[in-house]
2 protein chains.
Amino acid sequence: MRTLYHGWLSPFSRKVRIVLGEKGLEFDLVVEKDWERRREFLMLNPAGTVPVLVEQDGAVFSDANAICEYLDESHSPGALAGTEARDRAETRRLVAWFDQKFFREVTSNLVGEKLYKRFMGMGTPDSGAIRAGHANLVPHLEYIAWLCDRRTWLGGANFGLADIAAAAQISCVDYLGDVPWAGHAGAKDWYARVKSRPSFRPLLADYIPGLPPPKHYANLDF
Amino acid sequence: MRTLYHGWLSPFSRKVRIVLGEKGLEFDLVVEKDWERRREFLMLNPAGTVPVLVEQDGAVFSDANAICEYLDESHSPGALAGTEARDRAETRRLVAWFDQKFFREVTSNLVGEKLYKRFMGMGTPDSGAIRAGHANLVPHLEYIAWLCDRRTWLGGANFGLADIAAAAQISCVDYLGDVPWAGHAGAKDWYARVKSRPSFRPLLADYIPGLPPPKHYANLDF
């Protein structure tokens, strides 16, 4: 069986879970506390980070983007990245936007401070960072609405890797109840469409021991 | 004419310059001080970062990886990323390694502290960060040597995007004279091979006003 090593509320692990779901591929999910730097895990990925995918023949893949592109190239090629070079360039621009810019400005400030720090025993959350995360989230929600005013999905006409990257980040923040959906109808409409996809359902069933999600987290009508 | 907006010692801009050189594509190079957040530049790339590529027909591309993959797909497809899905996955894993891990652990601590801070008027370099950058560089040089013991180039049998990502970062650090080449023969041998490529020569001719490179920077025999 295919195995995915993932982390709780790791947006990068979530991207791969959604892509595996979109491609209809079965897999075992194994939680890896990558900050413990387990020796056997470092043998799989010397960078020491989740996600790591082990294919049925034993081939090992790491780095979320490398895995997502590999899966999209190997099953219904281009269905998620786009079939034209310029479309893929736009998709990848937006993937980098959410993986890097959104993660640095929002997710690391909110999920990082509230959750990872606790997991790793690194002290109490920094309230300044949390305030910054909330403030930074607003222009990102507006950018999503702006894109959806012009396109069906973030990257263009079809649901794809840009939507997956954005939803992976936002779903982690939403698990903490930190997305101000009221007042952001455009982003909310887009996220409701993402939530209704079968590939997204397993993420909505996530339940972290000791940290239950807010009630609206799993609701399609939120 | 094709135009590339780039920054001095921006490793991500350097990646695109090398790829354009490898593909034999002509372009005008325009320096953009992206921290000034010039309005016309933000219209090209709302993320506000170099590099940005404007094609001859006016199409605009941003995010270094998106640009590099687009150029590789559009000219001699796969010559730099690989022609098999699994080879591309390994290339992309290593691109992420150098773009993200090396940049965070090494380049931002050395080039960031010594150069960008000065450019941006953000105060004096943090000596602790500089010490960390020097210490973090060593295992990266060892990893390059380890890969080259097993493969001709970092990503496999052919020169490609993994080498370009690594060399783009290292060349910025080397411009400051901060790479301890003595004692790292494996990495040095690989970098000498990269330096001898015609696509790399323009980077070796870079000269930042007020900050000349050390003599060995441009030498093929260093």
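Values as computed for the structure displayed
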read-out	value
Selection count, the range A:130-144, where residues are within 14 Å of chain B (Cβ to nearest Cβ) and either among the aliphatic types (A, V, I, L, M) or crowded, with 16+ Cβ neighbours inside 10 Å (or both)	4
Residue tally, condition polar (S, T, N, Q) and under 15 Å from the mean Cα position of the chain (by Cα), over the range B:164-222	3
When residues of the range A:89-116 are limited to those that are acidic (Asp, Glu) and closer than 18 Å to residue A:8 by Cα, the one nearest to the chain's Cα centre (by Cα)	A:99
Helices (runs of 4 or more DSSP H) wholly inside the range B:155-222 that include at least 3 residues being in contact (Cβ under 8 Å) with a residue 24 or more places away in the chain and crowded, with 17+ Cβ neighbours inside 10 Å	B:161-175, B:185-195
Flag if residue A:106 is of a type in the set (A, V, I, L, M, F, W, C) and touching a strand residue (DSSP E or B) at 6+ places or on another chain (Cβ under 6 Å)	no
Test for residue A:110: is it of a type in the set (A, V, I, L, M, F, W, C) and more than 11 Å from chain B (Cβ to nearest Cβ)	yes
Candidate set from the range B:108-129 (those that are modelled with pLDDT of 95 or more and under 18 Å from residue B:51 (Cα atoms)); member that is least open to solvent (accessible area, probe 1.4 Å)	B:111
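The values are calculated or read from the model by the stated rules, or taken from the named source; none is laboratory data. These numbers come from a predicted model, not from an experiment. Note that we place each Cβ from the backbone using ideal geometry, even for glycine, and neighbour counts take in every protein chain shown. Keep in mind that these areas ignore ligands, DNA and RNA; they rest on the heavy atoms of the full protein, side chains included. Shrake-Rupley method; radii C 1.70, N 1.55, O 1.52, S 1.80 Å.
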